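To start, the structure itself, in structure tokens.
The values are calculated or read from the model by the stated rules, or taken from the named source; none is laboratory data. In this text, all values refer to a predicted model and were calculated from it rather than measured experimentally. Heads up, the Cβs are rebuilt from the backbone with ideal geometry, glycines too, and the neighbour counts pull from every protein chain shown. Areas reflect the complete protein model, heavy atoms only, side chains present, ligands, DNA and RNA absent. Shrake-Rupley method; radii C 1.70, N 1.55, O 1.52, S 1.80 Å.
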Amino acid sequence: LAIASLLIGSAAAFAPAATPMRNSALSMSTETTTEKAFAKLPASVKPGVVTGPALVDLLDAAKEQGYAIPGVIIVGTNSINACMEAAASYGGPIMVTFSKGGGQFIAGKSANNDADQASIAGTIAGAKHVHEVA
């Protein structure tokens, strides 16, 4: 079963800006730092789910400008929501990836998975969730 991927990003979030980051347990610093602004996204990339030629444009731009797009393997709608919130908060695209087991978990572990039916159904349900919430 192939892995299905969706991309979520906000074009407006990539506008160069220096905004203070909050101190966290990870930074352990008392100084205020600024976020690194991402390069400008291609005009074809709009907020929400990016597919088709716009996705190709985004991946080409990432390669040309030297930035990575993180991919997170999803196991439930809670992790989908957390990924979309992180992308919106920090102003970058994120790739939401459904594995065979993640798709089956979204469908319900007791669902019949003969011929990967539950995995496929759960992945489709997760993709529809992303489209509705993005």
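For this structure, a couple of remarks:
- Scan of region 49-100 for residues that are touching a helix residue (DSSP H, G or I) at 6+ places or on another chain (Cβ under 8 Å) and part of a strand (DSSP E or B), ordered by number: Val49, Val50, Val72, Ile73, Ile74, Ile94, Val96, Phe98
- Sole residue being at pLDDT 90 or above, of a type outside the set (Ser, Thr, Tyr) and either more than 15 Å from His129 (Cβ to Cβ) or in contact with a Phe, Trp or Tyr (Cβ under 8 Å, 6 or more places away or on another chain) (or both), chosen from Lys36, Lys109, Lys100: Lys100
- Which numbered condition Ala62 fails, given (1) within 14 Å of Leu41 (Cβ to Cβ); (2) open to solvent by 20 Å² or more (accessible area, probe 1.4 Å): (2)
- In region 65-114, the residues that are within 19 Å of Thr51 (Cα to Cα) and free of Cβ contacts under 8 Å to residues at least 12 places away in the same chain: Ala68
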